[in-house]
Amino acid sequence: MLLHLSTWQEVEAYLQQSKGIIFPIGSTEQHGPTGLIGTDAICAEAIARGVGDTTGALVAPTINVGMALHHTAFPGTISLRPSTLIQVVRDYVTCLAKAGFSKFYFINGHGGNIATLKAAFSETYAHLEDLQIPNAPQVQCQVANWFMCSSVYKLAKELYGDREGSHATPSEVALSQYVYPEAIKQAYLSPEVASGHSIYSAADFRVHYPDGRMGSNPALATPEHGKQFYDLAVKELSNGYLEFMKAE
């Protein structure tokens with residue numbers, strides 16, 4: 001059940017059965033020479049819809065732009081500042097909490113969002129209390145990173161070993177290929193790929209990671225691998241969502 005394809009009456013009826021909602025969140029950022037700029041949002045959205053179908057949960061519209069300031073030296077990247085993303089999350093949750101939702105499960109596709117999301121949750125709890133929203137004490141937010149699922153991590157290591165890397169990875173590229181096979185890209189990939197450098201400014205990032213990859217070889221990706229990652233992530237995060245819903 002997708003929020004943006006529902007009527008308010010359907011959402012009202014849903015709230016009689018559940019107070020939970022899934023939020024896909026990703027990023028719009030460079031993913032190397034063969035990775036789609038929308039990879040992080042594409043992966044999060046596909047998995048979130050799969051989890052929604054499996055669990056019967058309502059799925060909110062995807063937050064496509066995240067915190068990717070360190071990628072902005074590459075054309076096409078769009079980023080929110082951490083402070084802006086915090087306010088976006090706070091406002092989204094506040095609107096839905098006023099309607100009666102209390103369990104917010106963020107399925108995340110971008111590592112750069114994690115710290116900001118956790119800060120946003122703390123800001124949101126305080127904001128709801130300040131507004132004296134009746135269900136404020138019941139509101140809970142959780143972030144679930146699909147790429148950190150134990151089953152996903154295990155398969156990535158089996159398929160790619162150290163060539164999985166940490167950005168523009170073959171696992172995420174494979175998943176995007178599964179979702180959008182018509183958008184598979186081909187490009188030259190240097191056998192020498194940078195890794196191990198700390199992340200500072202956008203300009204510094206591009207100097208140290210000139211083609212946008214971080215220790216990865218996305219040429220290893222296939223749509224068939226992507227289907228495997230999708231199935232594993234949907235299964236593991238469906239269980240995670242149901243456990244979250246049961247928790248006090």
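With respect to Ile107, determine if the residue is among the β-branched types (Val, Ile, Thr) and either open to solvent by 10 Å² or more (accessible area, probe 1.4 Å) or part of a helix (DSSP H, G or I) (or both). Before the answer, list the steps.
Details: among the β-branched types (Val, Ile, Thr): yes; either open to solvent by 10 Å² or more (accessible area, probe 1.4 Å) or part of a helix (DSSP H, G or I) (or both): no.
Considered against the rule, which asks whether it is among the β-branched types (Val, Ile, Thr) and either open to solvent by 10 Å² or more (accessible area, probe 1.4 Å) or part of a helix (DSSP H, G or I) (or both), Ile107 comes out as no.
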When you look at Ile114, is it outside any loop (DSSP other than H, G, I, E, B), in contact (Cβ under 8 Å) with a residue 12 or more places away in the chain and at negative phi, yes or no?
yes
Find all pairs meeting these conditions: Cβ atoms under 7 angstrom apart; at least six residues apart or on different chains; first residue within the stretch 210-221 and touching a residue at least 24 places away in the same chain (Cβ under 8 Å) and basic (Lys, Arg); second residue surrounded by fewer than 24 Cβ atoms within 10 Å (Cβ to Cβ) and assigned to a loop (DSSP other than H, G, I, E, B).
Arg213/Gly165; Arg213/Val193
For Thr94, which of the numbered conditions (1) open to solvent by 40 Å² or more (accessible area, probe 1.4 Å); (2) touching a residue at least 24 places away in the same chain (Cβ under 8 Å); (3) out of contact with any strand residue (DSSP E or B) (no Cβ under 6 Å at 6 or more places or on another chain) fails to hold?
(1)
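Of all residues in the stretch 120-163, which are open to solvent by less than 40 Å² (accessible area, probe 1.4 Å), closer than 27 Å to Gln87 by Cα, in a helix (DSSP H, G or I) and not small (Gly, Ala, Ser)?
Just the residues of the stretch 120-163 that are open to solvent by less than 40 Å² (accessible area, probe 1.4 Å), to begin with: 120-121, 124, 128, 133, 135-136, 139, 141, 143-146, 149, 151-152, 155-156, 160-161.
Next cut, closer than 27 Å to Gln87 by Cα only: 120-121, 124, 128, 133, 135-136, 139, 141, 143-146.
Those still in the list that are in a helix (DSSP H, G or I) too: 120-121, 124, 128, 136, 146.
Answer for the stretch 120-163, where residues must be open to solvent by less than 40 Å² (accessible area, probe 1.4 Å), closer than 27 Å to Gln87 by Cα, in a helix (DSSP H, G or I) and not small (Gly, Ala, Ser): Phe121, Thr124, Leu128, Trp146.
Given the criterion in contact (Cβ under 8 Å) with a residue 40 or more places away in the chain, under 19 Å from Leu85 (Cα atoms) and aliphatic (A, V, I, L, M), identify the matching residue among Ala57, Ala44. Even if it seems obvious, please write down each step before you answer.
Details: Ala57 fails: under 19 Å from Leu85 (Cα atoms).
After ruling out the rest, the residue left standing is Ala44.
Being within 18 Å of Thr77 (Cβ to Cβ), buried (at least 18 other Cβ atoms within 10 Å of the Cβ) and not charged (D, E, K, R) is the filter here; which residues of the stretch 198-220 pass it?
Going through the stretch 198-220, the residues within 18 Å of Thr77 (Cβ to Cβ) turn out to be 199-214, 216, 218.
This time we only want the ones that are buried (at least 18 other Cβ atoms within 10 Å of the Cβ), so: 205, 209, 211-214, 216, 218.
Listed by number, the residues that qualify are Phe205, Tyr209, Gly212, Met214, Ser216, Pro218.
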Reported set for the stretch 45-63 where residues are open to solvent by 10 Å² or more (accessible area, probe 1.4 Å), in contact with a Pro (Cβ under 9 Å, 6 or more places away or on another chain) and assigned to a loop (DSSP other than H, G, I, E, B) is Pro61, Thr62
Subset tally (residues that are assigned to a strand (DSSP E or B) and of a type in the set (Asp, Glu)) for the stretch 1-44:
0
If you go through the stretch 174-216, how many residues are over 24 Å from Ala41 (Cβ atoms) and polar (S, T, N, Q)?
3
Since Thr77 meets every condition but one in (1) touching a residue at least 60 places away in the same chain (Cβ under 8 Å); (2) open to solvent by 10 Å² or more (accessible area, probe 1.4 Å), which condition does it not meet?
(1)
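Hey, could you check the stretch 184-197 for residues that are among the hydroxyl-bearing types (Ser, Thr, Tyr) and open to solvent by 70 Å² or more (accessible area, probe 1.4 Å) and say which is farthest from Leu36 (Cα to Cα)?
Start the filter on the stretch 184-197 by keeping residues that are among the hydroxyl-bearing types (Ser, Thr, Tyr), which leaves 188, 190, 195.
Checking the rest, the ones that are also open to solvent by 70 Å² or more (accessible area, probe 1.4 Å) come to 188, 195.
Details: Tyr188: 15, Ser195: 20 Å.
Ranking the qualifying residues of the stretch 184-197, first place goes to Ser195.
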Tell me, please, whether a residue that is modelled with pLDDT of 95 or more and within 13 Å of the chain's Cα centre (by Cα) can be found in the stretch 84-103.
no
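The values are calculated or read from the model by the stated rules, or taken from the named source; none is laboratory data. Being a predicted model, the structure only gives us computed values, none of them experimental. Note that we place each Cβ from the backbone using ideal geometry, even for glycine, and neighbour counts take in every protein chain shown. Ligands, DNA and RNA are stripped out before the accessible areas are found, and what is left, the full protein with its side chains, is counted by its heavy atoms. Shrake-Rupley method; radii C 1.70, N 1.55, O 1.52, S 1.80 Å.
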